[in-house]
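Data block below; observations after.
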Amino acid sequence: MTGFFSSFSLSAVNWMLIVLCALLIGMSKTGVPGVSMIVVPMLALIFGGKQSTGILLPILIMADVFAVVYYHRDAKWKHLLRALPWAFAGLLVALWIGNLVNDEQFKRIIAITVFISVALMIWKDYYYKKEFTPDKWWFAALMGIVGGFATMIGNVAGPIFAIYLLAMHLNKKSFIGTNAWFFFIINLSKFPLQMFVWKNINMNTLMVDILVFPAIAFGAWLGIFIVKRIPEKAYKWFVIVITVVSAFLILI
């Protein structure tokens, strides 16, 4: 056990931030959008670029289970199946690129992906018009490829897939349910690739994930509880500002 803790040299502050990340992931998966965007740059600062994605992925999968169990009846499989094959293609492109770059370059890719995702989030919330986003096969292909790339490189595909789902004019529960199943399937697919190709998931990283499971569970419950109560605009700009600042810090 001593070797496990020393392998990451985690301070008490690091552990508090990791627990906070697990809480936010749980909340985001059960209907509180945007808060998980802070997690990606925060974990990259603690563990490094590629290693942070190995820590984060099992946390995402555990949180996905809560979301799928609660919202499984609300998924719209027609829209899901249109995007999944393209998402797998984007995932494989990112897998290949991830093996070509070093950790500093990987962190830069994460930061750039975060900036793009934040820009898409702002566009979605303040400039989105229903008649503008097409419900066409090529749009599903584009969002699937970009989303697959973003989720493999930095687990920041949420805003990208949200734009695709908005084009389908889904109600709130269908939006959350379809989103939950998409990321559950994609994240499960990424697990063996990261374990055996990138080799950034091992017993030490999994122990970190297991230790923060209570925070994931509490975050999932909290997300369900507040999804209809929290004022979105009050926290959304906070999330955007903190995410952009954190992404800049990755580049230092």
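So the values come out like this:
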item	result
Odd one out for Ile160, checked against (1) modelled with pLDDT under 90; (2) surrounded by fewer than 19 Cβ atoms within 10 Å (Cβ to Cβ); (3) in contact with a helix residue (DSSP H, G or I) (Cβ under 6 Å, 6 or more places away or on another chain); (4) not small (Gly, Ala, Ser)	(2)
Selected residue [in a helix (DSSP H, G or I) and over 25 Å from Val118 (Cβ atoms)] from Phe191, Phe184	Phe191
Residues satisfying the stated conditions in the stretch 160-171, i.e. part of a helix (DSSP H, G or I) and either in contact (Cβ under 8 Å) with a residue 60 or more places away in the chain or touching a Phe, Trp or Tyr at 6+ places or on another chain (Cβ under 8 Å) (or both)	Phe161, Ala162, Ile163, Tyr164, Leu165, Leu166, Ala167
Residues of the stretch 137-167 satisfying the condition of being among the aromatic types (Phe, Trp, Tyr) and within 20 Å of Val32 (Cα to Cα)	Phe161, Tyr164
Selection status of Arg82, among the charged types (D, E, K, R), touching a residue at least 40 places away in the same chain (Cβ under 8 Å) and crowded, with 17+ Cβ neighbours inside 10 Å	yes
Selected residue (criterion: surrounded by the fewest Cβ atoms within 10 Å (Cβ to Cβ)) from residues of the stretch 167-214 that are closer than 16 Å to Arg82 by Cα and polar (S, T, N, Q)	Ser174
Residue match in the stretch 79-93 (condition: out of contact with any strand residue (DSSP E or B) (no Cβ under 6 Å at 6 or more places or on another chain), assigned to a helix (DSSP H, G or I) and modelled with pLDDT under 80)	no
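The values are calculated or read from the model by the stated rules, or taken from the named source; none is laboratory data. In this text, all values refer to a predicted model and were calculated from it rather than measured experimentally. In this analysis, Cβ positions are derived from the backbone assuming ideal geometry, glycine residues included, and neighbour counts consider all displayed protein chains.
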